[in-house]
Amino acid sequence: MSRIFLRAAAVAFASVAVSLLLTLIVVPAMGFSMSRTVWLASTVCPLVLAWAASAGNFWQTDRLQNAHRDLARAHAQLAAAHRRLSEKASRDDMTGMLNRETFFAALDGSRRKSDRGALLIIDADHFKRINDSYGHLTGDEALLLIAGAIERGVRSGDVLGRIGGEEFAAFLVGASEPEAKHIAERIRREVELIRFRPDNERTVPLTVSIGGISCGESATVSDLMRAADRRLYEAKNRGRNLSILDRELPEAA
C-alpha cells in the first residue's frame, strides 16, 4: 500500500509542476494577472485529482498483477498435479513399472522411431505355488524381487512394463540380436540368484522363463507379441528357467 501511495504522490507532484508551468505561460499570455486564486487552483486541483486518479489506477493495477500471479501459480500447481496423476495412471501400483496399456503405447512409439530393438516377455515360473503356499502378500514380495532383478538386468533407456499378474515385458531399444540374448540371459541369472526366504528358514527358488524376438523392420506390435509369446511357451515346455530369443520376423510377417 505504501508503494502505491508513493507512486501516486510522485504522479500528483509531477502534475502540479506541469500545471504551474502551463499557468505561468498561458495566464500572462491571455492578459490576466497571477492572482492567489490562480496559484491555488493551479496547485491544489492537479494535486488532488492526479493523486486520487493515479492512486486508484495503481491500486487496480496492483490487484490485477497479484491476481495474475496467483492464477499463474495455481495453473502451475494444477499442471504439476496433472503430471503426477498422469504418471501414476501409467504405472503399475506395486512395481512402479509401466502398466500394460502404457507399455504397449511406449513400444509402438519406440517402433515408429527406430526399426532396431528386441522384445522380451518374462514370466515367473511356478508362481501359483508361492501364492498357494505362502499367500498373496508373500507372492507380492517375490514379484517385487523379480521386478528388481529385471531392472538390474536391462540397460538404461530400455522400456519395462508389467503386462500381467506375474508377466513382465522389456523392449530393448536399438539392441542387436546378440545384445538382446545377452540381456535376456542376464535377467534370467539375476532372478536365479535371488535368495527368497518367505518363512525365514528354507530358500524358495525364484526363476523366470523368457521369450524374445528381434524386431524386423515391418513387424507390428501384434506380430512381435505373438512371436515372443511362442518363444516363451517354448521355454516353459523345455523346463523353464530358460531364455529363448529368435531372430527378426521375416518380411511377410
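See the values below:
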item: Condition met for residue 210 (in contact with a Leu (Cβ under 9 Å, 6 or more places away or on another chain) and within 26 Å of residue 128 (Cβ to Cβ)); result: yes
item: Extreme residue, farthest from the chain's Cα centre (by Cα), among residues of region 225-236 that are open to solvent by less than 10 Å² (accessible area, probe 1.4 Å) and within 24 Å of residue 143 (Cβ to Cβ); result: 235
item: Single unsatisfied condition, residue 141 versus (1) of a type outside the set (Gly, Ala, Ser); (2) open to solvent by 20 Å² or more (accessible area, probe 1.4 Å); (3) farther than 27 Å from residue 91 by Cα; result: (3)
item: Hits in region 203-224 (condition: of a type outside the set (Gly, Ala, Ser) and open to solvent by 10 Å² or more (accessible area, probe 1.4 Å)); result: 203, 204, 205, 207, 217, 220, 221, 223
item: Matching residues in region 94-116 - criterion: being modelled with pLDDT under 90 and not in a helix (DSSP H, G or I); result: 114, 115, 116
item: One residue from 165, 157, 239, 174 being open to solvent by 20 Å² or more (accessible area, probe 1.4 Å), within 18 Å of residue 140 (Cα to Cα), modelled with pLDDT under 95 and of a type outside the set (D, E, K, R); result: 165
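The values are calculated or read from the model by the stated rules, or taken from the named source; none is laboratory data. Nothing here was measured: the structure is a model prediction, and the numbers come from that model. When we count neighbours, we look across all protein chains shown, and the Cβ atoms used for this are built from the backbone with ideal geometry, even at glycine. Protein only, heavy atoms only, side chains kept; ligands, DNA and RNA dropped before computing areas. Shrake-Rupley method; radii C 1.70, N 1.55, O 1.52, S 1.80 Å.
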